[in-house]
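**Student:** Right, I'll just put the structure down here and ask away after.
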Amino acid sequence: MLSSLFTFLPSKVMRGSHGQMKCPPLHFQPGDQPGMEGAVRRGQGPSRFAVSALGWRARQGCLGDREVGGQWTLLLAQECILSGIMSVNGKKVLHMDRNPYYGGESSSITPLEELYKRFQLLEGPPEAMGRGRDWNVDLIPKFLMANGEGDKGGVMAGVGVGLWGQLAGGHTPETGPPDQLELLQGAALTVAFPAPAAGQLVKMLLYTEVTRYLDFKVVEGSFVYKGGKIYKVPSTETEALASNLMGMFEKRRFRKFLVFVANFDENDPKTFEGVDPQSTSMRDVYRKFDLGQDVIDFTGHALALYRTDDYLDQPCLETINRIKLYSESLARYGKSPYLYPLYGLGELPQGFARLSAIYGGTYMLNKPVDDIIMENGKVVGVKSEGEVARCKQLICDPSYVPDRVRKAGQVIRIICILSHPIKNTNDANSCQIIIPQNQVNRKSDIYVCMISYAHNVAAQGKYIAIASTTVETAEPEKEVEPALELLEPIDQKFVAISDLYEPVDDGSESQVFCSCSYDATTHFETTCNDIKDIYKRMVGSAFDFENMKRKQNDVFGEADQ
């Protein structure tokens with residue numbers, strides 16, 4: 001076992017045209033997590049590389065003919081999750097990123113001074129903000145849905161070192177959920193027990209065992225906005241009766257609706273109560289239970305997590321299942337159905353980068369992309385600093401292919417630093433607030449997510465709240481004022497307005513597969529839908545979570561762990 005910091009040099013020394021070495025050495029700190037040489041280090045930039053003698057293949061800014069020969073599935077920035085998935089599926093992956101860190105837009109900025117520089121606040125943070133290195137600020141904050149699309153009540157086996165394994169080790173809904181879910185590699189453990197349907201990203205983490213490299217905390221509350229105030233989202237019969245969000249008669253009607261949802265089984269017509277899940281619209285279901293507009297607002301947007309009201313005239317089955325899964329997840333975790341990684345979302349792309357490298361993927365950071373080379377309408381390579389990496393397929397975010405995307409709107413995000421928890425949240429250290437569109441006369445919802453020092457993303461006693469929404473007017477900042485009023489007083493604001501892009505074609509002809517921009521939502525479900533869609537277009541078959549399971553005998557360097 002290696003026990004000291006050392007410099008890892010590739011066996012094939014990469015040299016420039018004059019023979020000098022072009023890429024700096026990479027550093028590796030053994031033993032960051034039990035039994036895991038080269039596990040992800042805390043911090044930012046090149047120092048965060050997880051380089052292991054057991055299989056990490058990372059490069060920083062150098063292409064050489066011997067390394068680039070052959071055919072790659074080439075991935076460019078922001079696509080760390082896809083790079084891990086494609087590597088597990090046997091693709092030869094080269095991941096090039098123009099940035100000096102993993103994750104592109106989904107990274108976490110540290111130290112705090114870098115955030116001030118990014119937003120051109122030259123005065124820098126005041127002393128009251130504490131040490132800059134104590135901050136890890138997400139540029140695009142999102143929570144992970146613990147329960148989501150998946151195998152309802154099925155059995156997941158062999159994931160004991162992950163999330164459900166920790167719950168199985170003594171934590172059940174009856175004994176109460178742990179506040180912090182430790183997702184570190186522990187003793188070898190095989191688990192086979194009834195598991196809830198995992199949220200799409202959580203399922204990807206579990207099946208690929210990326211949970212080995214991450215720690216999570218349960219988000220402490222989920223709230224909804226009504227009439228200028230916020231209320232806890234009721235999702236059970238007991239909460240419905242106790243909620244101040246509704247009047248007495250409305251509570252009873254909503255309770256009956258929740259009982260219907262809880263008992264609903266799409267395979268048992270006896271539970272339908274006169275509703276046809278394939279043809280009855282959700283609007284008609286609400287009408288059946290005589291629910292008012294305010295209840296419809298928080299049910300559709302805070303429980304079913306729809307961004308608009310388009311779902312009202314669609315068949316009710318998907319909405320019922322969304323509400324059912326939200327309630328099941330809340331019952332399991334007690335506080336909310338959401339999880340958030342300690343040290344910020346920047347840990348997620350690093351975890352999937354680690355996964356890709358273990359399966360033979362190669363990473364190159366600080367690597368500019370000069371041109372995408374096409375022949376007969378198909379991609380054949382990428383040119384960088386005078387050298388070419390050949391590939392058969394390419395996955396990238398919209399910034400790399402501006403001629404292959406169209407603008408689909410804008411999103412505004414305002415990062416707010418606070419010295420207090422948000423009012424009327426029971427002093428929660430983390431929470432989500434959804435402001436339904438109808439409550440503020442808009443076409444789309446406003447979202448607030450708040451994390452704090454309890455998640456190792458801020459200095460002691462500090463909180464980070466981010467308000468976001470889809471831009472609808474020429475004055476975006478005014479559009480989020482209802483959210484900002486909930487956060488007052490605010491120590492510092494950082495305002496970002498980003499264009500939203502979507503690909504103009506499916507990539508089947510060019511073999512260039514472009515992702516969509518991150519939307520304004522505070523959860524990963526829409527992002528996971530995009531990942532699954534790209535996967536299907538690339539390989540020609542639907543995304544199958546079973547294919548994501550890591551097999552010990554095909555993991556480079558980890559067979560003995």
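The values are calculated or read from the model by the stated rules, or taken from the named source; none is laboratory data. None of the values given here were measured: they were computed from a predicted structure. As a convention, Cβ positions derive from the backbone with ideal geometry for all residues, glycine included, and neighbour counts pool all protein chains shown. With ligands, DNA and RNA removed, areas are computed over all heavy atoms of the protein, side chains included. Shrake-Rupley method; radii C 1.70, N 1.55, O 1.52, S 1.80 Å.
**Student:** Please work out which residue is farthest from S222 (Cα to Cα), limiting yourself to region 267-293 and to residues that are assigned to a helix (DSSP H, G or I) and in contact with a helix residue (DSSP H, G or I) (Cβ under 6 Å, 6 or more places away or on another chain).
**Tutor:** Among those residues, the one meeting the criterion is T271.
**Student:** Let me ask something else. Identify the single condition in (1) open to solvent by 50 Å² or more (accessible area, probe 1.4 Å); (2) closer than 16 Å to L325 by Cβ that A242 does not satisfy, given that it satisfies every other one.
**Tutor:** (2)
**Student:** Could you go through region 119-131 and let me know if any residue there is crowded, with 24+ Cβ neighbours inside 10 Å, at pLDDT 80 or above and in a loop (DSSP other than H, G, I, E, B).
**Tutor:** No, the conditions are met nowhere in region 119-131.
**Student:** Among the residues of region 257-282, how many are open to solvent by 90 Å² or more (accessible area, probe 1.4 Å) and within 34 Å of the chain's Cα centre (by Cα)?
**Tutor:** Summing the residues that are open to solvent by 90 Å² or more (accessible area, probe 1.4 Å) and within 34 Å of the chain's Cα centre (by Cα) in region 257-282 gives 3.
**Student:** Right, another one. A459: surrounded by fewer than 21 Cβ atoms within 10 Å (Cβ to Cβ), outside any loop (DSSP other than H, G, I, E, B) and not basic (K, R), yes or no?
**Tutor:** No; evaluated as a whole, the condition is false for this residue.
**Student:** When S281 is evaluated against the numbered criteria (1) on the phi < 0 side of the Ramachandran plot; (2) in contact with a Ser or Thr (Cβ under 9 Å, 6 or more places away or on another chain); (3) not aromatic (F, W, Y), which criterion, by number, is the only one it fails?
**Tutor:** (2)
**Student:** Now for a different question. State yes or no: is Y311 closer than 28 Å to D97 by Cβ and surrounded by fewer than 21 Cβ atoms within 10 Å (Cβ to Cβ)? If you could, list the steps in order and put the result at the bottom.
**Tutor:** Working: closer than 28 Å to D97 by Cβ: no; surrounded by fewer than 21 Cβ atoms within 10 Å (Cβ to Cβ): yes.
Considered against the rule, which asks whether it is closer than 28 Å to D97 by Cβ and surrounded by fewer than 21 Cβ atoms within 10 Å (Cβ to Cβ), Y311 comes out as no.
**Student:** Also, I was wondering about something else. Under the condition of being over 19 Å from F494 (Cβ atoms) and in contact (Cβ under 8 Å) with a residue 60 or more places away in the chain, which residue from region 441-456 is most open to solvent (accessible area, probe 1.4 Å)? First the steps, then the outcome.
**Tutor:** Start the filter on region 441-456 by keeping residues that are over 19 Å from F494 (Cβ atoms), which leaves 441-445, 454, 456.
Okay, now just the ones that are also in contact (Cβ under 8 Å) with a residue 60 or more places away in the chain, so 443-445, 454, 456.
Numbers: K443: 160, S444: 14, D445: 3, A454: 23, N456: 57 Å².
In this case the residue turns out to be K443.
**Student:** Filtering region 69-104 down to residues that are open to solvent by 10 Å² or more (accessible area, probe 1.4 Å) and of a type in the set (A, V, I, L, M), which residue is modelled with the lowest pLDDT?
**Tutor:** Out of the qualifying residues, it is I81.
**Student:** If I ask for residues that are under 30 Å from K392 (Cα atoms), touching a strand residue (DSSP E or B) at 6+ places or on another chain (Cβ under 7 Å) and open to solvent by 50 Å² or more (accessible area, probe 1.4 Å), which ones from region 474-508 would you list? So that I can check it myself, show each step before the final result.
**Tutor:** The initial filter retains those residues of region 474-508 that are under 30 Å from K392 (Cα atoms), namely 499-508.
Still in the running and touching a strand residue (DSSP E or B) at 6+ places or on another chain (Cβ under 7 Å): 499-504, 507.
Within region 474-508, D499, Y501, E502, V504 qualify.
**Student:** Take region 87-101 and flag every residue that is within 21 Å of the chain's Cα centre (by Cα) and small (G, A, S).
**Tutor:** If the condition is that a residue be within 21 Å of the chain's Cα centre (by Cα) and small (G, A, S), then S87 is the only one that fits.
**Student:** Please work out which one of (1) at pLDDT 90 or above; (2) out of contact with any Asp or Glu (no Cβ under 6 Å at 6 or more places or on another chain); (3) over 20 Å from V440 (Cβ atoms); (4) part of a helix (DSSP H, G or I) is the condition I296 fails and give its number.
**Tutor:** Among (1) at pLDDT 90 or above; (2) out of contact with any Asp or Glu (no Cβ under 6 Å at 6 or more places or on another chain); (3) over 20 Å from V440 (Cβ atoms); (4) part of a helix (DSSP H, G or I), I296 violates only (3).
**Student:** With the requirement that a residue be among the β-branched types (V, I, T), outside any loop (DSSP other than H, G, I, E, B) and surrounded by 18 or more Cβ atoms within 10 Å (Cβ to Cβ), what does region 511-553 give you? So that I can check it myself, show each step before the final result.
**Tutor:** Of region 511-553, the ones among the β-branched types (V, I, T) are 512, 521-522, 526-527, 531, 534, 539.
Those left that are additionally outside any loop (DSSP other than H, G, I, E, B): 512, 526-527, 531, 534, 539.
The answer is V512, T527, I531, I534.
**Student:** Go through region 303-336 and count every residue that is part of a loop (DSSP other than H, G, I, E, B), more than 16 Å from E525 (Cβ to Cβ) and of a type in the set (D, E, K, R).
**Tutor:** Residues flagged as part of a loop (DSSP other than H, G, I, E, B), more than 16 Å from E525 (Cβ to Cβ) and of a type in the set (D, E, K, R) within region 303-336 amount to 2.
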